[in-house]
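J.: Before anything else, here's the structure in question.
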Amino acid sequence: MRALLLCFLVAAAPAVLAQSDYPNRPIRLIVTVPPGGAADFIARLVGAKLSEALAQPVLVENRGGAGGTLAADAVAKAPADGYTLLQNSITTHGVGPHLYARLPYDPVKDFAPVSGLALLPLIMAVTADLPARSIQELVALSRTAGLNFASSGNGGAPHMAAELFKSVTGAPITHVPYKGSGPAVADLVGGRVQIMFDAAPSLIQHVRSGKLRVLAAASPQRNRLLPEAPTFAELGYPQVAVSLWYGLLVPAGTPRPAIDRLNRETTRLLEQNDVREKLLAQGAEPMPGAPEAFASFMRDEMAKWAPVVKQAGVKLD
């Protein structure tokens, strides 16, 4: 019996040691978008702070394309050792699972949650010369005049936010997709399209210059950057609540001690005043929490978007 116990302890020693000295080498944080923009900003802010806390480099690796599926697939197939992280989002684990007929990974079974990172609530803006000055007037106008809404691309959160708005209000507005937020905003300001959902930082300079007008914020509370705009809930449409959101995942099977360490350090950094201030300046809000809470949040998001995607009839290859 003693010999058997000794053999077990000897065999288990490397695994115990590997967990107790985690991390002992650099960590990769894979981001689903190219450099630049809110997602990349959040990843680099979190990565730098995690590097300090873990005393190991956290290397941000941008793998944009295919709606985040390239990055997610790379992490799903990485070793489950805590040294490869995915910054996921509403695109990969909210809307995305319903857009693609086939994914090279299972968005639930192939990942383990670590923590939420940040929420970036959306707002609805219209071109300044549009006669409608309220949501009710916009819905009424859409039934007599052909109104278009812009988005940064098929299947993204801004696109699906407008589809959710259509499903709730019945407004017959038409989607005009663009390759990125920049050209979409430019055509909105120019009046070639009339409506757009996006995060406040993309639109705020044009709102303040008077070229755009905000009709509502798609968040439970008023947007910190545009507190004068009412929420959809205040206007009688509580279902229209949409935020870009970001979190951390690791491959399924990653040892729980590694997940707990990552969660603990992520929670601490998101509670730091300087991190909070930098996020708020970008229109984002910290979103820390236990792995189980983040898992529940993602389940709710996937359930929320399934009927919206189906009704909109949006499918991506």
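J.: Restricting attention to segment 126-134, does a residue exist that is without any contact (Cβ under 8 Å) to a residue 12 or more places away in the chain, open to solvent by 40 Å² or more (accessible area, probe 1.4 Å) and either of a type in the set (S, T, N, Q) or more than 30 Å from residue 253 (Cβ to Cβ) (or both)?
T.: yes
J.: In segment 84-110, what count of residues is obtained for those that are within 18 Å of residue 256 (Cα to Cα) and either open to solvent by 40 Å² or more (accessible area, probe 1.4 Å) or in contact with a Phe, Trp or Tyr (Cβ under 9 Å, 6 or more places away or on another chain) (or both)?
T.: Here the count works out to 4.
J.: Moving to a separate point now. Give the residue, chosen from 256, 261, 276, that is over 19 Å from residue 89 (Cβ atoms), open to solvent by 10 Å² or more (accessible area, probe 1.4 Å) and in contact (Cβ under 8 Å) with a residue 12 or more places away in the chain.
T.: 261
J.: Only one of these is modelled with pLDDT under 95 and within 26 Å of the chain's Cα centre (by Cα): 157, 145, 150. Name it.
T.: Being modelled with pLDDT under 95 and within 26 Å of the chain's Cα centre (by Cα) holds for just one of 157, 145, 150, which is 157.
J.: Among the numbered conditions (1) of a type outside the set (A, V, I, L, M); (2) under 18 Å from the mean Cα position of the chain (by Cα); (3) surrounded by fewer than 19 Cβ atoms within 10 Å (Cβ to Cβ), tell me where residue 202 comes up short.
T.: (3)
J.: Working carefully through the options 153, 191, find the one that is in contact with a His (Cβ under 8 Å, 6 or more places away or on another chain), in a loop (DSSP other than H, G, I, E, B) and open to solvent by less than 40 Å² (accessible area, probe 1.4 Å).
T.: 153
J.: Out of everything in segment 211-226 that is open to solvent by 50 Å² or more (accessible area, probe 1.4 Å) and more than 12 Å from residue 125 (Cβ to Cβ), what residue ends up being nearest to the chain's Cα centre (by Cα)?
T.: Result: 220.
J.: Related question: Given the structure, is residue 107 assigned to a strand (DSSP E or B) and either touching a Pro at 6+ places or on another chain (Cβ under 7 Å) or under 30 Å from residue 230 (Cα atoms) (or both)?
T.: No; evaluated as a whole, the condition is false for this residue.
J.: State whether one or more residues within segment 230-248 are touching a Pro at 6+ places or on another chain (Cβ under 6 Å) and in contact (Cβ under 8 Å) with a residue 60 or more places away in the chain.
T.: Among the residues of segment 230-248, at least one is touching a Pro at 6+ places or on another chain (Cβ under 6 Å) and in contact (Cβ under 8 Å) with a residue 60 or more places away in the chain, which makes the answer yes.
J.: Now for a different question. For segment 110-122, name all the residues that are outside any loop (DSSP other than H, G, I, E, B) and out of contact with any Gly (no Cβ under 9 Å at 6 or more places or on another chain).
T.: Answer for segment 110-122, where residues must be outside any loop (DSSP other than H, G, I, E, B) and out of contact with any Gly (no Cβ under 9 Å at 6 or more places or on another chain): 111, 119, 122.
J.: Answer with yes or no whether residue 229 is in a helix (DSSP H, G or I), of a type outside the set (S, T, N, Q) and over 19 Å from the mean Cα position of the chain (by Cα).
T.: No.
The values are calculated or read from the model by the stated rules, or taken from the named source; none is laboratory data. Predicted, not measured: the structure shown is a model, and the values here were computed from it. Ideal geometry is used to build each Cβ from the backbone, glycine not excepted, and the neighbour counts take in all protein chains shown. SASA here: full protein model, heavy atoms, side chains in, ligands and nucleic acids out. Shrake-Rupley method; radii C 1.70, N 1.55, O 1.52, S 1.80 Å.
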